[in-house]
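First the structure, then my questions, so here it is.
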């Protein structure tokens, strides 16, 4: 369903299990960045009323996910660590050239967002199936569904606003590019890295 070209190596969960505090911190900041992305789309493309409406709902959902992750951190007696650089997203953003029409820029941003949500969904599924900590496994199982919905929403908007055949071609190219990025990641306690 997600279309990802390179699945995460299941051994990544072993890294996560040894670094639960770090993965929760990274996850919290991923939720904060997802909130910021939705706000940025509202600010940048206010004339797309249906997109704005969905992004308002997404802001509420993503910030509630941030709180849920932050609560997990507090429940374990920890404090939220500092945000760190996201090598996955930095590499991903190199795919599309800068510039182009407003519609092109919007479609590119929607495709990036769709892919990030798809990879998060795939990682959450893996955590839900492989984590020994059953409370966290259930937590990630519940979040996995949201990520899948976000992925399909962003991809659907890209197809709605762009020319469908061109968008589908770009999407496939982006998936191939992302597989190359992933071949060099999966060795750290981050959601995407």
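Condition first: in contact with a helix residue (DSSP H, G or I) (Cβ under 6 Å, 6 or more places away or on another chain), crowded, with 17+ Cβ neighbours inside 10 Å and either touching a residue at least 12 places away in the same chain (Cβ under 8 Å) or farther than 18 Å from residue 155 by Cβ (or both). Can you find one or more residues in the stretch 75-88 that meet it?
No, the stretch 75-88 contains no residue that is in contact with a helix residue (DSSP H, G or I) (Cβ under 6 Å, 6 or more places away or on another chain), crowded, with 17+ Cβ neighbours inside 10 Å and either touching a residue at least 12 places away in the same chain (Cβ under 8 Å) or farther than 18 Å from residue 155 by Cβ (or both).
Another one. Please tell me if residue 49 is within 13 Å of the chain's Cα centre (by Cα) and under 23 Å from residue 103 (Cβ atoms).
The answer is no for residue 49.
Now a separate question. Any residue in the stretch 148-167 that's at positive phi and assigned to a helix (DSSP H, G or I): show its pairings with residues that are at pLDDT 95 or above and crowded, with 19+ Cβ neighbours inside 10 Å at Cβ separation under 7 Å, as long as the two are six or more apart or on different chains.
Qualifying pairs under 7 Å: none.
Continuing with this model, one more query. Where in the stretch 12-102 are the helices (runs of 4 or more DSSP H), entirely inside, with at least 1 residues that are at pLDDT 95 or above and under 23 Å from residue 190 (Cβ atoms)?
Counting at least 1 such residues, we get 20-44, 49-75.
Looking at (1) surrounded by 15 or more Cβ atoms within 10 Å (Cβ to Cβ); (2) out of contact with any helix residue (DSSP H, G or I) (no Cβ under 6 Å at 6 or more places or on another chain); (3) under 30 Å from residue 10 (Cβ atoms); (4) modelled with pLDDT of 95 or more, which one does residue 109 not meet, given that it meets all the others?
Result: residue 109 fails condition (3) only.
Among the residues of the stretch 120-135, write down those that are in contact with a helix residue (DSSP H, G or I) (Cβ under 7 Å, 6 or more places away or on another chain) and assigned to a helix (DSSP H, G or I).
120, 121, 124, 125, 126, 127, 128, 130
Could you check how many residues of the stretch 130-147 are within 16 Å of residue 119 (Cβ to Cβ) and free of Cβ contacts under 8 Å to residues at least 40 places away in the same chain?
Total satisfying the criteria: 4.
The values are calculated or read from the model by the stated rules, or taken from the named source; none is laboratory data. What you are looking at is a predicted structure, and each value in this text was computed from that prediction instead of being measured. For neighbour counting, all protein chains shown are included, and Cβ atoms are generated from backbone atoms with ideal geometry for every residue, glycine included.
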